[in-house]
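Chemist: First, the structure itself, so that you have it in front of you.
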C-alpha cells in the first residue's frame, strides 16, 4: 500500500486492519466519529465483528474498552483529542490506568489541526494531562511510517497508551522500515549550536527551521520524541551538554506537555537555557493552521528566531 | 457453613452466615476507623446468593477464563465483597482486618490489581456497568458461556454514564449480562427521593430495553429464583431492582441516611457498633495488637 501518499487516518485504518488480521483480539472502537478517524468504512466493512461503534458516548467507550481489555482484548478507541482525553479523563484514570487495563486511546486531530471546529474542539492539553497520569504511555508519531511502527508496538505490548493521531497527510520524515522504541528519542539532525526538541505534527516545521538555521551557519540538533512518556531524558541531557541551548516546539499549550518535561528534566539534571514554543496558555479558535502558528508564535520563522537567539546567548 | 459451595440450601445456615458476615463487616470497618458500612450491609444476601448459589467460580484460580464475573460498580461496598471472597477461600481471612491499613490488599474501593477475586476495579461511580458491558461483549466474542453480573447503587444511578451503558447493553443485546441495583433508597446527602428521584425506576430500565425484575433484596428464595430467571433472559440484558435496607442488621445504622460512611473514633464506639449487630461471633482472625 502507498502509505507515503495516504492521509494519516487512512494509514491508521489500514494498519488497524493488518493488526486485526494478525491478532483477532484487536478491536476498533469508535464513538460516532469513525469517518473522521478513517475506520469507516475501511475497518467497519472489512472486519465488522471487530468494529464496535458506541455512539456519542466517549466515557462509555473508554470504560467498555477497559472491560474488553480485562478479558484480553486489545481495543483501539478513537475520538477527537478533546473527547479522547479531557472528556474521559476520569474513566481513563480509573478504568484504564489505575486498573492497568490494556486500552489504546487515540486522540485524533490534535491541537491546531482541529481547524474549522474551533475552540470547543481544539485541545492543547492532551499531552500534558495524559503525561501526568501514572501507568500511561503517551505517543505522538510524526509521519505515516512512524505511525505504523507505533501502532505495531501498541498492539503487542500490554500497556495503557494514549496516542495523538494527525488526520491529514504529512511529509514523510522517517524510513519505511523505521522502528519505534518508547525509551528512545529520534535524533533527526545532528548539530552543536542549539537543540530543538519536538514531537508529532511539529517535526516537519522544525526540520524546515533547521534547514534555515543551517543556511546561517548554525547547527541545530533535532530531537524528535515519538514517546513523550516515557521520556528519553538521557538523549536530551547529552544534547544539552553539547549545545547549551534548548528550544521545545509543540502543537500544544506550553504548560505541562513537551516543554514541561524538557524543563523538568533539564532543571534536575543539566540546568540549561530553554525556550518553549507552542500555544502560550490560550484556548483554540476557528482558524487556519497558519493563522494559529503565526498568532501564537511557533511558525518556522519563530522557531528559527528562538533557536538563533538562544544559540547566540550561550 | 464450609467455604465450599453449599449443595443444599438451608435457610437457617444462610441466615447465620449473613449475620456472621455482617458482624465481620462491622468489625473490619470499625478497625479501620471509618468506612462505608450502610451500602455494604445492604448487599449481604445478594453477594452470598451470587457466590454460594449462583456463580461458577474457582477461588483457587481467581482468573479462570470460564468463570462468572462480578463487577461491583458501587466500589465503596468493598468490605462486603471482601468478607464473601474470604469466606469462599480466595484469600486468607487474616487479610480482613487489614482493610484500609497501610499497604493493604483490601482497599476501601475494590481493586482488580490488589485483591484476588475482584474482577474489575471500581470506585469512581458510574463506570462499572460500562466495564461489565465490555466484559460481557468480550465473553460473547470469545464464545464463552459465562455470565456477567454487575451491582450498581441507586445513588450511583444519578451518573449519566449508567444510562449510556444501559443503552449499549440493550443495543448489543447483551443477554449474558445481569445487573442488580441496590435500591436502598438512600444516598450520601439524603434519601434518593429527596436528592434525585429515580422513580419510576423499573419503567426507566424497561424503556431502555432491559428485562426488569423488582424484588426484595434480602429474601433468599426470591433472590435465588429471580437471579436464575434473569440469567435465562434471552436477547436482552436483565436488571434486578433489589429493594434493600441500607445498614441492614446493625441497629445503629439500619435504615439511617447517615449510615453511608461511619467514623469510629475509639474502642468504645467500636464496641457499640459490634453490640448493635445483636449477636457476637468469634472473629476468624487475630489483630496484631
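Chemist: Is it the case that residue A:101 is assigned to a loop (DSSP other than H, G, I, E, B) and more than 17 Å from the chain's Cα centre (by Cα)? Write out each step before concluding.
Modeler: On the way: assigned to a loop (DSSP other than H, G, I, E, B): yes; more than 17 Å from the chain's Cα centre (by Cα): yes.
For residue A:101, the condition - assigned to a loop (DSSP other than H, G, I, E, B) and more than 17 Å from the chain's Cα centre (by Cα) - is met.
Chemist: Quick check on segment A:90-119: of everything there that is surrounded by 24 or more Cβ atoms within 10 Å (Cβ to Cβ) and within 19 Å of residue A:292 (Cα to Cα), which residue is farthest from the other protein chains (Cβ to nearest Cβ)?
Modeler: Filtering segment A:90-119 for residues that are surrounded by 24 or more Cβ atoms within 10 Å (Cβ to Cβ) and within 19 Å of residue A:292 (Cα to Cα), the one farthest from the other protein chains (Cβ to nearest Cβ) comes out as A:112.
Chemist: Something else about it: Kindly indicate whether residue A:122 is part of a loop (DSSP other than H, G, I, E, B) and buried (at least 21 other Cβ atoms within 10 Å of the Cβ). Working first, answer last.
Modeler: Values: part of a loop (DSSP other than H, G, I, E, B): yes; buried (at least 21 other Cβ atoms within 10 Å of the Cβ): yes.
For residue A:122, the condition - part of a loop (DSSP other than H, G, I, E, B) and buried (at least 21 other Cβ atoms within 10 Å of the Cβ) - is met.
Chemist: Which of the strands (runs of 3 or more DSSP E) found entirely inside segment A:205-265 contain at least 3 residues meeting this: over 22 Å from residue A:282 (Cβ atoms) and over 14 Å from the mean Cα position of the chain (by Cα)? Break it down into steps so the answer makes sense when it comes.
Modeler: Details: elements: A:220-224, A:227-229, A:245-253.
In segment A:205-265, A:220-224 are the strands (runs of 3 or more DSSP E) which contain 3 or more residues that are over 22 Å from residue A:282 (Cβ atoms) and over 14 Å from the mean Cα position of the chain (by Cα).
Chemist: Could you grab me the full set of residues in segment B:164-208 that are on the phi > 0 side of the Ramachandran plot and away from every other protein chain (no Cβ under 14 Å)?
Modeler: Keep residues of segment B:164-208 that are on the phi > 0 side of the Ramachandran plot, which gives B:173, B:185, B:190.
Passing the criteria: B:185, B:190.
Chemist: So for segment B:120-141 (the condition being surrounded by fewer than 21 Cβ atoms within 10 Å (Cβ to Cβ) and more than 13 Å from every other protein chain (Cβ to nearest Cβ)), does at least one residue qualify?
Modeler: The answer is no; no qualifying residue exists.
Chemist: Moving on. Kindly indicate whether any position in segment A:14-21 is touching a helix residue (DSSP H, G or I) at 6+ places or on another chain (Cβ under 6 Å), more than 14 Å from chain B (Cβ to nearest Cβ), within 25 Å of residue A:95 (Cβ to Cβ) and at pLDDT 95 or above.
Modeler: For segment A:14-21, residues touching a helix residue (DSSP H, G or I) at 6+ places or on another chain (Cβ under 6 Å), more than 14 Å from chain B (Cβ to nearest Cβ), within 25 Å of residue A:95 (Cβ to Cβ) and at pLDDT 95 or above: present.
Chemist: What is the residue count in segment B:225-273 for residues that are assigned to a helix (DSSP H, G or I) and crowded, with 18+ Cβ neighbours inside 10 Å? Before you say what the answer is, go through the steps one by one.
Modeler: Pass one, segment B:225-273, residues assigned to a helix (DSSP H, G or I): B:225-232, B:257-260, B:267-273.
Those still in the list that are crowded, with 18+ Cβ neighbours inside 10 Å too: B:226-227, B:230, B:257, B:259-260, B:273.
Matching residues across segment B:225-273 total 7.
Chemist: Hey, another quick one. Taking segment A:274-302, which residues are surrounded by 14 or more Cβ atoms within 10 Å (Cβ to Cβ), in contact with a strand residue (DSSP E or B) (Cβ under 7 Å, 6 or more places away or on another chain) and within 21 Å of residue A:128 (Cα to Cα)?
Modeler: Selection gives A:274, A:275, A:276, A:277, A:278, A:279, A:296, A:297, A:298.
Chemist: Do any helices (runs of 4 or more DSSP H) lying entirely in segment A:3-86 carry at least 2 residues that are touching a strand residue (DSSP E or B) at 6+ places or on another chain (Cβ under 9 Å), surrounded by 24 or more Cβ atoms within 10 Å (Cβ to Cβ) and free of Cβ contacts under 8 Å to residues at least 60 places away in the same chain, and which ones are they? Lay out the reasoning, then the answer.
Modeler: Values: elements: A:8-22, A:34-37, A:39-46, A:58-70.
Correct list: A:39-46, A:58-70.
Chemist: Here's something else I'd like to know. Filter segment A:215-236 for residues that are farther than 28 Å from residue A:148 by Cα and in contact (Cβ under 8 Å) with a residue 12 or more places away in the chain and give the result.
Modeler: Of all residues in segment A:215-236, those farther than 28 Å from residue A:148 by Cα come to A:215-219.
Selection gives A:216, A:218, A:219.
Chemist: So, one more: Which condition from (1) assigned to a loop (DSSP other than H, G, I, E, B); (2) within 14 Å of another protein chain (Cβ to nearest Cβ); (3) buried (at least 16 other Cβ atoms within 10 Å of the Cβ) is the one that residue B:66 breaks?
Modeler: (3)
The values are calculated or read from the model by the stated rules, or taken from the named source; none is laboratory data. This one's a predicted model, so the numbers in the text were calculated from it and none came from an experiment. Every residue, glycine among them, receives a Cβ derived from its backbone with ideal geometry; neighbour counts consider all protein chains shown.
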